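Undergrad: Have a look at this one before I ask anything.
The values are calculated or read from the model by the stated rules, or taken from the named source; none is laboratory data. Keep in mind it's a predicted model, so treat the numbers as computed, not measured. Here the Cβ positions follow ideal geometry from the backbone for every residue, glycine too, while neighbour counts run over all protein chains shown.
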Amino acid sequence: MKVNIADLPEKAQQVLKRIRKKYKVGFEPLRIRDVELEILQVTDLEQLLAGKDPFADVSSFPFWVKLWEASLMLADIMASLPCEPGQTLLELGAGLGAPGLVAAARGHKVTLSDYEPHILDFQRVSAAANGLTVVDFCMIDWKKPPELAPFATIIGAEILFRAEFFEPLLAVFKKYLAPQGTIYLAHDARRKSLPAFLDLAQKEYQVAVSARKMKSAEGELTIIINRLRRK
């Protein structure tokens with residue numbers, strides 16, 4: 001599916017123009033099971049990342065800018081989940097938003113969130129390009145989260161990288177997760193912060209763990225999937 005810019009809604013075209021003033025971008029196809037999407041992505045990643053190591057330089061690495069393998073794995077899980085029409089789902093630290101957009105294509109009523117306006121702009125354009133109209137966008141500061149209705153499902157990929165945000169994230173889960181809701185997290189097994197976070201989460205949640213292998217440009221990676229439900 002090729003994206004014709006002229007076919008985008010006027011508002012999405014204006015957002016795309018704003019993005020292009022700062023970034024070189026293009027639409028890249030993404031197929032997850034039988035879901036086919038076009039995702040707006042930065043095309044000059046090497047220049048933007050400048051050799052930064054996402055596992056060593058977590059404080060300054062722009063995690064939002066890349067479609068991570070963990071995001072692809074989480075998107076695959078979203079494509080396989082049964083969904084009642086209109087079931088609500090929140091993606092935290094969504095970045096380019098692939099898992100949430102796949103969930104929207106599957107029928108979830110999705111809210112994509114992140115912490116900076118330009119990240120939400122990428123999400124808005126991708127949603128519009130794929131005709132996904134039942135998608136909301138929200139800036140969420142985990143330390144000062146806005147008031148939102150509870151969600152049946154909360155998801156996040158590569159969102160655990162700074163210990164100072166562990167307690168705020170758990171507070172966000174408590175604030176936004178519906179009583180019988182489920183949380184799905186996906187992280188590269190090399191993410192050293194994951195065990196420490198799960199130790200904290202186990203006080204309030206039943207935590208299921210599974211490991212999945214996938215191929216990448218770096219070779220075979222192990223992605224850790226966690227499912228959290230309130231005790």
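Undergrad: Scan segment 26-50 for residues that are touching a residue at least 40 places away in the same chain (Cβ under 8 Å), touching a strand residue (DSSP E or B) at 6+ places or on another chain (Cβ under 8 Å) and either in a helix (DSSP H, G or I) or closer than 18 Å to A79 by Cβ (or both) and report the count.
TA: Looking only at that region, the number is 4.
Undergrad: Enumerate the helices (runs of 4 or more DSSP H) found wholly within segment 61-174, keeping only those where 1 or more residues are basic (K, R), in contact (Cβ under 8 Å) with a residue 12 or more places away in the chain and closer than 30 Å to Q14 by Cβ.
TA: Counting at least 1 such residues, we get 117-129.
Undergrad: Ok, one more. Looking at segment 56-70, can you tell me whether even one residue there is charged (D, E, K, R), touching a helix residue (DSSP H, G or I) at 6+ places or on another chain (Cβ under 8 Å) and modelled with pLDDT of 95 or more?
TA: No.
Undergrad: Here's another thing I want to ask about it. Could we say that K203 is modelled with pLDDT under 95 and outside any helix (DSSP H, G or I) here?
TA: no
Undergrad: Here's a follow-up. When residues of segment 84-125 are filtered for being at pLDDT below 95 and under 10 Å from the mean Cα position of the chain (by Cα), how many remain?
TA: Residues that pass the stated criteria total 0.
Undergrad: Let me spell it out: the conditions are (1) over 22 Å from T88 (Cβ atoms); (2) outside any helix (DSSP H, G or I), and T182 meets all of them except one. Which number is the exception?
TA: Unmet condition: (1).
Undergrad: Looking at (1) out of contact with any Leu (no Cβ under 6 Å at 6 or more places or on another chain); (2) within 30 Å of I5 (Cβ to Cβ), can you tell me which one E167 breaks?
TA: E167 satisfies all of (1) out of contact with any Leu (no Cβ under 6 Å at 6 or more places or on another chain); (2) within 30 Å of I5 (Cβ to Cβ) except (2).
Undergrad: Quick one: in segment 15-25, of everything that is free of Cβ contacts under 8 Å to residues at least 60 places away in the same chain and exposed (fewer than 12 other Cβ atoms within 10 Å of the Cβ), which residue is nearest to D44 (Cα to Cα)?
TA: Top of the filtered list is R20.
Undergrad: When the residues of segment 197-218 are filtered to those that are touching a residue at least 12 places away in the same chain (Cβ under 8 Å) and in contact with a Ser or Thr (Cβ under 9 Å, 6 or more places away or on another chain), which remaining residue is nearest to R162 (Cα to Cα)?
TA: In this case the residue turns out to be A211.
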